[in-house]
Amino acid sequence: MALSFLFLPVLPFLQHCVYDLPGRPSAEMYPPTRKDFVSLTLSERDPRTYNNGKQWRRQSCWRKWKQLSRLQRCVILVVLPLAVVCWIVVYPGLAGHWRGFPDRAMNKESDKGDEQGLKPIIPGVVPGVIPEPPKQNGPVLPEAPPVFSPISPSCDVIYTPFSPSQLSTPNQRRPFPKRGPPGLQNRMQKKDNVSDSQVEEQKPAVKTGEQGEGDKPLVSWRGAMIEADQATESQQSHQEKVQDGQLGGAPVDPADNAPLKPVNRLEAVTEAFRHAWKGYKEFAWGHDELKPVSKSYSEWFNLGLTLIDSLDTMWIMGLKEEFEEAKTWVATELSFAKNVDVNLFESTIRILGGLLSTYHLTGDALFLEKAKDIGSRLMPAFSTPSKIPYSDVNIGKGTAHPPRWTSDSTVAEVTSIQLEFRELSRLTKDPRYRDVVEEVMRQVHKLDGKHDGLVPMFINTNSGQFTHLGVYTLGARADSYYEYLLKQWVQGGKKETELLEDYLKSMEGVKKNLLRKSSPKGLTFVGELSHGHFSPKMDHLVCFLPGTLALGAHNGLPEDHMELAKQLMETCYQMYAQMETGLSPEIVHFNMQAGEGQDIEVKLADRHNLLRPETVESLFYLYRFTKDKKYCDWGWEIFENFNKYTKVPSGGYTSINNVRDPQYPNPRDKMESFFLGETLKYFYLLFSDDPELISLDKYIFNTEAHPLPIWPPLPVPAV
């Protein structure tokens, strides 16, 4: 309507037309003359002329126009353009509204025509009526896991009217641009995004994410870069995806009596591994990590990390052909005599742990020899004044050093290498490996600076003291310290009481200082403590804790550890279920304000998913110990969403930038080695109902999911 002002300049002219036309006095200026007679004029026409021709009609219309008063003509000249402008403004909205009527009529006719064919009916959707989309700003309620046929009591097989290929491929109902399915589109992120809380409640902007010293981007735990990539708001709720069949299998028509087909979950995971391995073999063979979207690779240590990380996974899955190919590469191509810096922690858990695990599973001495080689090359890291190891080692030169920007090491790094070095000593009969890592544990055990058993994140390699005191977390840089306290105790036959004492005290410290409940659903979560201030921030990495607590309860620790494990397991599942893609972000924040907002909020910088294994790991432990099938179903739902949003058709899986946008999750073009070494391995073990497949009474997993044997009790000497 604002365009109507364009006609305001015409009004003076119109007034001039009405009142001030020279030589053409207005009818109002003289009274009408009275006539006492009627005049009739007849004109001759050519009888051959058609009196309804266009020329005559034009003359007739012009005559009628002239019969109007000047005021009437001027009003018409003003109103008519205004009506045209109004129509142009209003038409698009009306057109969109009217366009639905033919579709509805067509749907009704289609419903009538399909009555004899028993057209499937989706519960809660009226046939022929377009359902109203759910509001985006309301709380996204998690859906119950899919209910499968009662004839499938085991975890490894489900029954569904769809074929396995349909369950593991993206839903094709929505058309996408020709560049590929949504998980592969590398579109530019939308601008002017706001955080979840701003979308829902229009709260003031808050600081999202952190930066390292000197404005350096922080490197997240386990070697993955955290980038503050801009993300897009979701346009599809979790409920929509369940209705569309995108989560937990497609909705099953209750009226469909077709026979159900078995879907072997183990085989589905094996096929996922083959697909990932296909991409690695074709585009990144012998290199550290695959970049599946660009069909290339990236190097970290130039030691074939993905290949070594995957060895025991292939053996467990029975992929003998793939295993033999990898073994040949290890025998002929793998060499540690390289002038390259490696991270002590990462190379220990991935390379040393992977080689030791494969040796135990296969009995092949090749892997033990390679393990001894890399183990000895890592030993210079422990040549420090405090015996707290440096973070980096040059395995070719035999030198070690701290990071360039600090002399500190992270506590998790120096206390999460013990399982591997202790096992290397046991196999080689060389005590020096065990001695150096156990000295680290003794020093940490007696250090000041702990808070109810909780440790800071950093320790200085010169002084041997904690630094950056007052910050306590179970996330990055501290997580696996707590995990390895328990696992070393189990590995050594439950005899090292100092390890058990530190573990039990730290778990009490977690309950006292870090455990809270969210609002409104009351999810139990583990936050962080910074100089006395509690933060409701929880890393996905913390989802290792339910499995660790369950493992402790299985080994005779207090029963309330198992109850807490179940509560935290529910929370970690909800970190997936409440996201639009069904995949968890790297970091979440929990709402603690009663009656306000959703339980889980995600900041823009935290929306990426790196294909991490921690939640699947804990699901595996909980299912092994409780046999509650819901943990299998939760895992299957997560597995399907990895297939839906991260699978690359040419081979491999990619981490993504935005778990809140199911249409454009924005691939990061990187497949971490732990996806094959941990995530898919834990999926396989979760869906297996064989308790002897890597028995938890015989093996202990390192923090990279490489199983190492629990030490047998020493023989009692004869008297």
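Looking at this model, which pairs from K370/K487; K537/K681; K450/K566; K387/K495; K397/K647 are more than 30 angstrom apart at the alpha-carbon? Working shown, then result.
Working: K370/K487 24 Å; K537/K681 28 Å; K450/K566 27 Å; K387/K495 24 Å; K397/K647 40 Å.
With Cα atoms farther than 30 Å apart: K397/K647.
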Amide H neighbours of Y297 under 5 Å, at least 5 residues apart or on other chains, H built in the peptide plane: list them. K291
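May I ask you to sort F544, F620 by Cβ crowding, counting other Cβ atoms within 10 Å and putting the fewest first?
Details: F544 25, F620 28.
Lowest count first: F544, F620.
So, by mean Cβ neighbours within 10 angstrom, what's the order for 586-596, 452-462 with the highest one leading?
Details: 586-596: 17.5, 452-462: 20.6.
The densest-packed peptide leads the list: 452-462, 586-596.
From the C-alpha coordinates alone, can you work out the Kirkwood hydrodynamic radius of segment 400-491, in Å?
Working: mean 1/r = 0.0725 Å⁻¹.
It works out to 13.8 Å.
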When I656, I158 are arranged by how many other beta-carbons sit within 10 Å of their Cβ, fewest first, they go I158, I656
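Can you sort I395, I351 by how many other beta carbons sit within 10 Å, fewest first? Walk me through the intermediate numbers first.
Values: I395 24, I351 29.
By the 10 Å Cβ count, ascending, the order reads I395, I351.
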From zero outward in steps of 10 Å, how is the percent of C-alpha pairs of segment 337-513 spread across the bins? 10, 38, 35, 14, 2
Stretched fully, the stretch from L447 through E501 gains (0.36 nm per residue minus C-alpha distance, one decimal, in nm) 18.0 nm
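Every read-out reported here was derived from the displayed coordinates using simple, explicitly stated rules and does not represent laboratory data. None of these values were measured; they are calculated from a predicted model. Virtual Cβ from ideal backbone geometry, glycine too; neighbours counted across all protein chains shown.
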